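The values are calculated or read from the model by the stated rules, or taken from the named source; none is laboratory data. Because the structure is predicted, anything quoted here is derived from the model rather than measured. For neighbour counting, all protein chains shown are included, and Cβ atoms are generated from backbone atoms with ideal geometry for every residue, glycine included.
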Amino acid sequence: MTLIELRRVSRTYTPPRGPEVHALRSVSLKISEGEFVAIVGPSGGGKSTLLNVLGLLDDPSSGEYLLAGTRPGRVNRGDAARLRARHIAFIFQAFHLLERRPAIDSVGLNLLYRGVALRPRQKDSIRALAAVGLHDCAWQNTSTLSGGQRQRIAIARAMAGDAQLVLADEPTGNLDSANAELVLDELERVNRNGAAVVIVTHSPEVAARADRIIRVSDGVVVSDTETRALRETPANPPEDETAETPEETRTVIRATDMLADAWASISSRRTQTFAQCLAVVIAVALSITTLGLSASAHAQVSETFDAHLNREVSASWTTPLPDSEPLMDTPATARSVAGVEAAVIVVDVAATAVSTASATAQVQPHMVAGDLEEAARVEIDVAPWHQGTLAPGEAYVGDLLARDLELGDIASAPTVQVAGERYVVAGLITDSQRLPLLRGELVLGADASDLDEVGSDATLLVRTMAGAAPQVASQLAPAINPFAPERISIVAPTDDGQLRGQIEAGVQATLVSFTLLALLVAIAALVNTTLMAVNARRGEIGMRKALGAKERDIGILITVEAVYVGLLGGVGGLFVGMMAILTVTISQRWAPVFDLTLMPLAVLLGVVVSSAGGAFASIRAARLRPAENLRAS
Ligand code: ADP
């Protein structure tokens, strides 16, 4: 009975450059059940193309294809996958096994795509392995098998699937003569058991084993010779048929099998999986770190605000004010206002020449009384002999000015001449956060009369308790002078909530953009690595399709692999991110703020990043044409 018929089938390739290639020209051919056919002919004659068309791995450009029980005409890709899964087995010169996985996985692959459950699948695979004498190799890693063993595994795969048609493209091409004999023996056995076998070969010895030899040259069948009478399809059940055929209640791969296959697949490619996981780990770790640090930094911004800016109030006025107390007393008056911690009065003196024995500079001196260090947040490198506040006749010189004046070691109490008066230098101003210009100027100790006489512009700098600034700001002017509070201008921190909010939002925006950039880079890296991986797996993908995988099955396989990589990378990234947050917060002495929602978020992020990276590759992998990929690899 006819198993396959080709009617006037042509296959024309249209390469991007160069002329069209007519690989098959109007070939008509019938292959009967149980036949053993050899296809021979010169290289480039069209043998592989014919085999691919017979196996539904390639679409004819024109003509009709009939597989027993199907309607004549063109077969769509979904039907082709189903027909391949149920009726056709392939044996390739390059073996095409699942590398670095147990042999049994490769043997059962066709059954997997038919939806056969794990137990019957394993049973049939082991039976088929036993039939080719490789029972002991079932759990052996395919990459450790010899060429002959690998080809017999491919034959076992054909047997396990009980294919009606076995197509073999140069099956002995990579084998020595002893192994080639073994493989041919096995193929004969498959044929005796009822399957039609079609072998493409260059070897006359191989062709001599066939019942019929078809010679193809230049895309046409030039001869078709029966060498022996067609063997009767055995009336008695053949040796392997005693075992029951796998039960086929489903036509789609089972979800659990698909998950297990994807896991085995990523486990078999450790280095590549590791590289992909690493990209996810980096993306997730960066995101977790920036999100985590943004929470910690948020808390830190608030604290910094309360610690500094939010506690600074200043009052300034032009002296004298009516009925005012001596300027010397204003710091004490300010301290009597609730919430004030420190106060200093600073009175500007007209700019004048300041000189030492060796240099002179024109500067703006200030006279001060009160707690300069605390209230103005000034750091002073005090001379070892000096104690307490600045006394009349003493000066603190800014370190920059001291350098210009070539001031000697302050321990030896050098002096400066200011407007004809001599001052002993009691310390150097090394930092001044509220009055940054002080590093280039100098402050002079004063008594009550000095302050009131010299003054024209007075400034009272006040440092309040945390949160007390607005209240102090409202009470300070009447406390200094109840008669003319309107002449005193008060500078209090800007609306703290607003400024703090702006700074916090700025910090957050920077961190978020950094995170987004990290994610983009990771996705780009993953698109790249996954595409490279898919390219490297073209042969495997072609083989899976030859064995019945639909485009959707391949797309799902690559996606599930990406999800696994995402899960692993997400967990790894979470761990690395947490460590990074701890390291940064501990080194900065911040209180680490851990948000528990980061945990599921990290894993989800890993999955999203990895699937986004893999999506492109999944589509590409699904679309790969089996014939071209099996040929290319
Ligand atoms: P054989 O198996 O007899 O060596 P093939 O079937 O491989 O021959 O090839 C038949 C012809 O088709 C050759 O000229 C080959 O170069 C050409 N061919 C095969 N595949 C392609 C392709 N994908 N694109 C263009 N030409 C192709």
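Just one of (1) under 20 Å from Lys550 (Cα atoms); (2) touching a helix residue (DSSP H, G or I) at 6+ places or on another chain (Cβ under 7 Å); (3) among the aliphatic types (A, V, I, L, M) fails for Val40. It is (1).
To keep it simple, each residue is scored yes or no on (1) within 21 Å of Arg77 (Cβ to Cβ); (2) modelled with pLDDT of 85 or more; (3) assigned to a helix (DSSP H, G or I).
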position: Thr529; (1), (2), (3): no, no, yes
position: Val534; (1), (2), (3): yes, no, yes
position: Gly548; (1), (2), (3): yes, yes, no
position: Val576; (1), (2), (3): no, yes, yes
position: Arg631; (1), (2), (3): yes, no, yes
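For the subset of the stretch 325-348 comprising residues that are polar (S, T, N, Q) and touching a strand residue (DSSP E or B) at 6+ places or on another chain (Cβ under 9 Å), which member is farthest from Ala448 (Cα to Cα)? Among them, the one singled out is Thr333.
The residue pairs whose first member lies in the stretch 30-42 and is touching a residue at least 60 places away in the same chain (Cβ under 8 Å) and farther than 13 Å from Ser203 by Cβ, whose second member is among the polar types (S, T, N, Q) and within 16 Å of the ligand (Cβ to nearest atom), and whose beta carbons are closer than 6 Å, counting only pairs six or more residues apart or on different chains, are Pro42/Ser217. Here is a check on your reading of the model: is Thr459 among the polar types (S, T, N, Q), surrounded by fewer than 19 Cβ atoms within 10 Å (Cβ to Cβ) and assigned to a strand (DSSP E or B)? Here the answer is no, as Thr459 does not meet what is asked. The condition of being touching a helix residue (DSSP H, G or I) at 6+ places or on another chain (Cβ under 6 Å) and either under 20 Å from Gly445 (Cα atoms) or assigned to a strand (DSSP E or B) (or both) holds for only one of Val347, Val337, that being Val347.
Every condition in (1) away from the ligand (no atom under 16 Å from the Cβ); (2) more than 20 Å from Asp224 (Cβ to Cβ); (3) in contact (Cβ under 8 Å) with a residue 12 or more places away in the chain is met by Ile4 except one, and the failing one is (2). Picking from residues in the stretch 604-633 that are of a type in the set (A, V, I, L, M) and within 15 Å of the ligand (Cβ to nearest atom), the one that is surrounded by the fewest Cβ atoms within 10 Å (Cβ to Cβ) is Ala632. The helices (runs of 4 or more DSSP H) found entirely in the stretch 16-116 that carry 2 or more residues being closer than 30 Å to Asp257 by Cβ, touching a Leu at 6+ places or on another chain (Cβ under 9 Å) and within 15 Å of the ligand (Cβ to nearest atom) are 47-54. Within the stretch 477-504, residues that are over 22 Å from Ala466 (Cα atoms) and among the polar types (S, T, N, Q) sit with their Cβ atoms under 7 Å from residues that are modelled with pLDDT of 85 or more and part of a loop (DSSP other than H, G, I, E, B), at 6+ positions apart or across chains, in these pairs: Asn481/Ile488.
Can you spot a residue in the stretch 532-549 that is hydrophobic (A, V, I, L, M, F, W, C), over 17 Å from Ile266 (Cα atoms) and surrounded by fewer than 18 Cβ atoms within 10 Å (Cβ to Cβ)? No, the stretch 532-549 has no match at all.
Flag: Ala484 does not match the condition of being assigned by TED's automatic domain parsing to the domain that holds Ser294 and surrounded by 14 or more Cβ atoms within 10 Å (Cβ to Cβ).
Taking the conditions exactly as written (under 16 Å from Ala158 (Cβ atoms), more than 48 Å from the chain's Cα centre (by Cα) and among the small types (Gly, Ala, Ser)), does Gly41 satisfy them or not? No, not satisfied.
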